[in-house]
Amino acid sequence: GERLVIKPSWEAYEAKEGDLVLELDPGMAFGTGTHETTFMCMEQLEKYVTPGCKTIDVGCGSGILAIAAARLGAQDIYAVDIDPDAVRVARENVEHNGLENIIDVQQGDLLQGLSRQFDFAVANILAPVICMLAAPLKKHLAPGGKFVCSGIIKEAENDVFEALTAAGYIIDETCYKGDWVAFAC
């Protein structure tokens with residue numbers, strides 16, 4: 001994106017004016033910012049996250065997207081992952097960035113038991129999981145809410161597009177990097 005900078009915890013970096021720095025140690029979790037899907041999600045976060053918006057990061061991995069959303073002004077962020085190692089790493093990264101009062105990291109079966117609504121949702125997970133979650137997640141988006149998703153290999157683009165439109169999403173943007181696709185809807 002334009003302002004987000006991912007700094008590994010072991011590297012020195014002199015922030016420039018306007019930089020929003022995320023200090024990150026991915027540990028054993030997915031999400032360092034170098035993969036095309038993470039990159040596209042972060043670009044979309046810069047476009048669509050608004051200050052104060054309530055956000056959910058479904059399948060949060062290292063916590064990179066939740067931390068990026070917080071740096072962009074999102075508040076009341078719920079980050080969830082099914083993998084206990086990812087949850088541990090995400091919590092460490094959230095604490096290291098001083099965002100534990102903004103980001104709530106939980107282990108769970110993605111949307112199971114969730115009763116809240118959000119203004120913004122992001123999911124960088126596998127295409128079949130996005131297809132499965134599209135309709136249930138829509139119920140958790142406030143009117144006018146945005147959903148950004150990636151982790152979609154080009155061969156699965158039509159499946160995800162069909163699942164999103166069947167669930168009532170309007171696709172605002174489709175992005176491509178390498179063999180990967182992201183939707184903003």
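Restricting the search to the range 46-67, which residues are in contact with a Ser or Thr (Cβ under 9 Å, 6 or more places away or on another chain), assigned to a helix (DSSP H, G or I) and at pLDDT 95 or above?
The answer is Leu65, Ala66.
For the range 108-146, which residues satisfy the criterion of being surrounded by fewer than 19 Cβ atoms within 10 Å (Cβ to Cβ), closer than 16 Å to Phe161 by Cα and among the basic types (Lys, Arg)?
Within the range 108-146, Lys138 is the sole residue that qualifies.
Val105 passes all but one of (1) open to solvent by 20 Å² or more (accessible area, probe 1.4 Å); (2) of a type in the set (A, V, I, L, M); (3) modelled with pLDDT of 95 or more; which number fails?
Among (1) open to solvent by 20 Å² or more (accessible area, probe 1.4 Å); (2) of a type in the set (A, V, I, L, M); (3) modelled with pLDDT of 95 or more, Val105 violates only (1).
Can you name the condition, by its number, that Ser62 falls short on among (1) open to solvent by 60 Å² or more (accessible area, probe 1.4 Å); (2) within 13 Å of the chain's Cα centre (by Cα); (3) not hydrophobic (A, V, I, L, M, F, W, C)?
(1)
Select from the range 147-161 the residues that are open to solvent by 20 Å² or more (accessible area, probe 1.4 Å) and touching a residue at least 24 places away in the same chain (Cβ under 8 Å) and list them in ascending order.
Hits for the range 147-161 are Ile153, Lys154, Glu157, Asp159.
Condition test on Glu100, is it surrounded by fewer than 21 Cβ atoms within 10 Å (Cβ to Cβ), without any contact (Cβ under 8 Å) to a residue 24 or more places away in the chain and either touching a Cys at 6+ places or on another chain (Cβ under 6 Å) or of a type outside the set (Ser, Thr, Tyr) (or both)?
Criteria met by Glu100.
Can you name the number of the only condition in (1) charged (D, E, K, R); (2) in contact with a Cys (Cβ under 7 Å, 6 or more places away or on another chain); (3) surrounded by fewer than 21 Cβ atoms within 10 Å (Cβ to Cβ) that Asp81 fails?
Here Asp81 clears every test but (3).
Exactly one condition in (1) over 16 Å from the mean Cα position of the chain (by Cα); (2) among the acidic types (Asp, Glu); (3) within 25 Å of Lys139 (Cα to Cα) is false for Asp81; which is it?
Of (1) over 16 Å from the mean Cα position of the chain (by Cα); (2) among the acidic types (Asp, Glu); (3) within 25 Å of Lys139 (Cα to Cα), only one is false for Asp81: (1).
Looking at Ala166, Ala142, Ala121, which one is under 15 Å from Leu65 (Cα atoms), of a type in the set (Gly, Ala, Ser) and in contact (Cβ under 8 Å) with a residue 12 or more places away in the chain?
Ala121
The values are calculated or read from the model by the stated rules, or taken from the named source; none is laboratory data. Bear in mind that the values here come from a model prediction, so they are computed numbers and not experimental data. Heads up, the Cβs are rebuilt from the backbone with ideal geometry, glycines too, and the neighbour counts pull from every protein chain shown. Heavy atoms of the whole protein, side chains included, go into the accessibility calculation; ligands, DNA and RNA do not. Shrake-Rupley method; radii C 1.70, N 1.55, O 1.52, S 1.80 Å.
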